[in-house]
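Colleague: After the C-alpha cells below, expect a handful of questions from me.
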Amino acid sequence: MDQPLKAVSKFLSYILRHRPEAIDLELNAGGWAAVADLIQCAGKHDHFLSEEIIKKVVISNDKQRFKLSEDGQYIRANQGHSIPVNLDLLPLTPPSALFHGTATRFLASIMASGLLPSGRQHVHLSASYEIAIAVGRRHGKPTVLKINAPKMQTDGYLFYCSENGVWLTDYVPTQYLVEVE
Ligand code: HQG
C-alpha cells in the first residue's frame with residue numbers, strides 16, 4: 001500500500017475501531033458507518049476522503065482490515081475494535097495451534113494473569129507464527145506464545161475468526177500458554 005493510502009487506513013482504523021465520535025460519526029450496532037456520512041464527517045474535521053479513496057484502501061489493504069457492504073454504501077472494520085460492536089461472529093473450531101505475538105517485557109505479567117484483551121474486544125491470535133512475531137515486534141523485543149486451542153475449546157472457551165482471518169477469543173488463561181523457543 002502506498003504511503004497516502006496507509007495514512008488513510010490508519011485514520012479509518014482509528015475512527016471505525018476506536019473513536020468515531022472524534023469526527024462526530026455514528027456507527028450502528030454492527031459497527032457499520034454509512035460511507036456518505038463518513039466522507040462528510042471526516043471532511044468537517046479536515047480529513048479529505050472520497051468514495052474512490054475509501055474503495056482503494058479497502059481493496060489494497062494488506063490485512064483486509066475493512067469491509068464494504070455489497071451495495072458499497074456502508075463500511076466497517078473487520079476486527080480490532082475497542083468500542084462495543086456486534087460483528088455477528090459464530091464460534092468456530094480453531095486450528096490445532098494458534099499463536100500470539102507480544103513483547104518479552106509483557107511475559108511475566110501474561111504468565112501471571114493470562115492473555116487479556118487489553119482494551120480491545122478480544123484477544124487477537126493468529127494461525128501463523130510469522131504473523132504473530134510481526135505483531136510482537138510492534139510492541140518491542142518480540143516473542144511468541146503458542147495457545148493450546150483444542151484443549152481450550154474442549155474446556156468450553158469459544159473461538160471466532162474475523163472476516164480477515166484473525167482468530168479471536170475473550171481470554172486465554174495461563175495453563176493453555178507456552179512460550180515458543
Ligand atoms: C499484551 C494488529 C501484560 C498483548 C495485529 C499485547 C493484531 C498483556 C498488548 C491486532 C497481557 C495489547 C491486535 C497481560 C495481553 N499482561 N500484557 N496479562 N495480556 N497483553 O495492540 O494483539 O495492524 O491491543 O500481548 O495484527 O498486539 O491494528 O493487541 O502485546 O491483530 O490491524 O497487551 O492489531 O492489527 O496490544 O494486536 P494490542 P495485539 P492491526
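The values are calculated or read from the model by the stated rules, or taken from the named source; none is laboratory data. The shown structure was predicted, so the numbers you read here are calculated from the model rather than taken from an experiment. All Cβ positions, even for glycine, are placed from backbone atoms using ideal geometry, and neighbour counts span all protein chains on display. Accessible surface is based on the protein model in full, side chains and every heavy atom, while ligands, DNA and RNA are left aside. Shrake-Rupley method; radii C 1.70, N 1.55, O 1.52, S 1.80 Å.
Colleague: P84 - would you say it is part of a loop (DSSP other than H, G, I, E, B), more than 12 Å from the ligand (Cβ to nearest atom), closer than 30 Å to I15 by Cα and free of Cβ contacts under 8 Å to residues at least 60 places away in the same chain?
Modeller: Judged against the criteria, P84 is a match.
Colleague: Let me ask something else. Out of the range 109-128, which residues are surrounded by fewer than 16 Cβ atoms within 10 Å (Cβ to Cβ), in a helix (DSSP H, G or I) and within 8 Å of the ligand (Cβ to nearest atom)?
Modeller: Result: S109, A112, S113.
Colleague: Identify the residue in the range 7-16 that is over 17 Å from G43 (Cβ atoms) and touching a Lys or Arg at 6+ places or on another chain (Cβ under 8 Å) and, among all such residues, is farthest from the ligand (Cβ to nearest atom).
Modeller: S9
Colleague: Keeping to the range 13-32, report how many residues are closer than 16 Å to R120 by Cα and either of a type in the set (D, E, K, R) or in a helix (DSSP H, G or I) (or both).
Modeller: Matching residues across the range 13-32 total 8.
Colleague: Name every residue in the range 61-83 that is at pLDDT below 95 and open to solvent by 30 Å² or more (accessible area, probe 1.4 Å), in order of residue number.
Modeller: Listed by number, the residues that qualify are D62, K63.
Colleague: Continuing with the same structure: Give L12, L92, L38 a once-over and let me know the one that is touching a strand residue (DSSP E or B) at 6+ places or on another chain (Cβ under 8 Å) and surrounded by fewer than 14 Cβ atoms within 10 Å (Cβ to Cβ).
Modeller: Criteria check complete, one pass: L92.
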